[in-house]
Amino acid sequence: MDEQKKPNCGEPQMKDEPELEGVQAAEESIPQPEAGESEALKEEVRKLKEEVARGRADYFNLRTRMERDRENNAKLAAEQAINEMLPVFENLERIAAAVEDKESSLARGMSMVIKQFADGLCKLGLEFISTEGEFDPSLHEAVCMEPVDDAAKDGHIVGALCRGYKLAGRVLKAPQVRVGKYNG
């Protein structure tokens, strides 16, 4: 019997290498750029990379601007809604203040509605401006000055005529207050 050479399982079998010949032929057919052409191609690649970088930066800036505009639109919508509801809220408070019997079911019902209304406005971002303590001209509107006997109350709020409101740190409506003036 003739001894036949068996292929080893771990070694790849060698063929006549027709695939390698095709690859080598393809590589040889690719034209090699000349020195001047090579520099021009490198410059073109550099320009294309810059354009891609600018495009990415423009996309990032656009996305950031759209997010900021979306937030501003949401704040504007909340501000418009609150501006429409504030007169209704203030009228409810005036009606509740006009009820003489504070223990009646009408007065209790009105106070519950006012509290619910105020909670809803606060959820939209509304803040009530305090009408106690020292007068702050950036927050309060002084309607009148009242004489006070105590020097500690000079320049302090002694009474409020109407409430004030802030939204997102901005004053929507300044509270109208009476300010104490010491004449010692």
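State the answer as a single residue: which of Pro87, Ala53, Leu124 lies farthest towards the positive end of the charge dipole of region 38-124, with beta carbon charges of +1 for Lys and Arg and -1 for Asp and Glu, about the Cα centre. Selected residue: Ala53.
Electrostatic tally near Pro87: other residues with Cβ closer than 15 Å to its Cβ, Lys and Arg +1, Asp and Glu -1, net -1.
Sequentially through region 147-156, phi angles give Karplus couplings (6.51, -1.76, 1.60; θ = phi - 60°) of x, 10, 8, 9, 5, 5, 8, 5, x, 9 Hz, Gly and Pro residues having no value and appearing as x.
What the Cα convex hull of region 38-124 gives, in volume per residue, is 64 Å³.
Distances between placed amide hydrogens fall under 5 Å for Leu172 paired with Tyr165, Lys166, Leu167, all partners being 5 or more residues away or on another chain.
In the complete set of protein chains, residue-level accessible area for Arg94 is approximately 130 Å², probe 1.4 angstrom.
The HN-Hα couplings worked out from phi for region 65-73 by the Karplus form 6.51 cos²θ - 1.76 cosθ + 1.60 (θ = phi - 60°) are 5, 5, 5, 5, 5, 5, 5, 4, 5 Hz, whole numbers, x standing for Gly and Pro.
Residue order by solvent-accessible surface for Met110, Met145, Met85 is Met145, Met85, Met110, largest first, with ligands and nucleic acids left out and a 1.4 Å probe. Over all other residues within a Cβ to Cβ distance under 14 Å of Leu62, the charged ones net out to +3, with Lys and Arg as +1 and Asp and Glu as -1. For region 132-184, the set of GluC sites (Glu not before Pro) satisfying both a DSSP loop assignment and a count of at most 12 other C-beta atoms within 10 Å is given as Glu132. Distance from the C-alpha centroid of region 57-94 to that of region 161-184: 24 Å, rounded to the whole angstrom.
The values are calculated or read from the model by the stated rules, or taken from the named source; none is laboratory data. If you're wondering where the values come from, they're calculated on a predicted model, not measured in any experiment. With ideal geometry, Cβ positions are generated from the backbone for all residues, glycine too; neighbour counts draw on all protein chains shown. Surface areas here come from the heavy atoms of the whole protein model, side chains and all, with no ligands, DNA or RNA. Shrake-Rupley method; radii C 1.70, N 1.55, O 1.52, S 1.80 Å.
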